[in-house]
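The values are calculated or read from the model by the stated rules, or taken from the named source; none is laboratory data. Note that this is a predicted model, so its numbers are computed, not measured. A quick note on method: Cβ atoms are made from the backbone with ideal geometry, for glycine too, and the neighbour counts reach across all protein chains shown. SASA here: full protein model, heavy atoms, side chains in, ligands and nucleic acids out. Shrake-Rupley method; radii C 1.70, N 1.55, O 1.52, S 1.80 Å.
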Amino acid sequence: MKNNESMEMYLETIYRLSQEKAVHSIDVAMQLGYSKPSVSRAMKILVNNNYINMAKDGTITLTENGLAKALNIYERHTVLTRMLEDIGADSLMAEENACRIEHVISEDLFKIIKEKYGDK
């Protein structure tokens, strides 16, 4: 895992998957299109940084810290997607671009956007 954006992608993916089922590394790899060894390395880093726990059976759960981070990035994603759709982007374009923007947008600008497009 090379940077903060990568960590955020993993945490958001784990969060989204956990809303549907118990999450394992293979699920994360398939969702993100990453190799199993890459995901395995990332999971070790996330465990070491207290973002996730891994049970003996391989089930991944977010720690309190990991859940807070995942919810923050997921909120950015959903609000930005909503904004992009509102200004005319189709859902696929909005989703893909929100995924890029969510990692680099400043906190101040996101607060402004959230005031207009959040909680709809």
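The residue of the stretch 45-59 that is nearest to ILE73 (Cα to Cα), among those that are open to solvent by 70 Å² or more (accessible area, probe 1.4 Å) and not polar (S, T, N, Q), is MET54. Taking the listed residues GLU75, GLU85, GLU95, GLU102, the one that is among the acidic types (Asp, Glu) and touching a Lys or Arg at 6+ places or on another chain (Cβ under 7 Å) is GLU102, with no other qualifying. Checked against the criterion of being open to solvent by less than 60 Å² (accessible area, probe 1.4 Å), closer than 17 Å to THR13 by Cβ, under 14 Å from the mean Cα position of the chain (by Cα) and in contact (Cβ under 8 Å) with a residue 24 or more places away in the chain, the candidates LEU62, LEU71 yield just one match: LEU62.
Does TYR34 satisfy the criteria of being of a type in the set (Ser, Thr, Tyr), closer than 25 Å to GLU95 by Cβ and open to solvent by 70 Å² or more (accessible area, probe 1.4 Å)? Yes. The condition (being in a helix (DSSP H, G or I), open to solvent by less than 30 Å² (accessible area, probe 1.4 Å), modelled with pLDDT of 95 or more and not hydrophobic (A, V, I, L, M, F, W, C)) is satisfied by just one residue among TYR10, TYR15: TYR10. Residues in the stretch 90-120 that are closer than 11 Å to HIS77 by Cβ, in contact (Cβ under 8 Å) with a residue 24 or more places away in the chain and open to solvent by 70 Å² or more (accessible area, probe 1.4 Å): there are none.
In this structure, does GLU20 turn out to be closer than 16 Å to CYS99 by Cα and of a type in the set (Asp, Glu)? Quick ask: steps written out before the conclusion?
Working: closer than 16 Å to CYS99 by Cα: no; of a type in the set (Asp, Glu): yes.
Considered against the rule, which asks whether it is closer than 16 Å to CYS99 by Cα and of a type in the set (Asp, Glu), GLU20 comes out as no.
Every condition in (1) open to solvent by less than 30 Å² (accessible area, probe 1.4 Å); (2) in contact with an Asp or Glu (Cβ under 9 Å, 6 or more places away or on another chain); (3) of a type outside the set (Ser, Thr, Tyr) is met by ALA42 except one, and the failing one is (2). Restricting the stretch 74-92 to residues that are of a type in the set (Ser, Thr, Tyr) and more than 13 Å from the chain's Cα centre (by Cα), which is farthest from ILE112 (Cα to Cα)? The selected residue is SER91.
With respect to the conditions (1) assigned to a helix (DSSP H, G or I); (2) open to solvent by 20 Å² or more (accessible area, probe 1.4 Å); (3) over 23 Å from LYS111 (Cα atoms), VAL28 lacks only one, and its number is (2).
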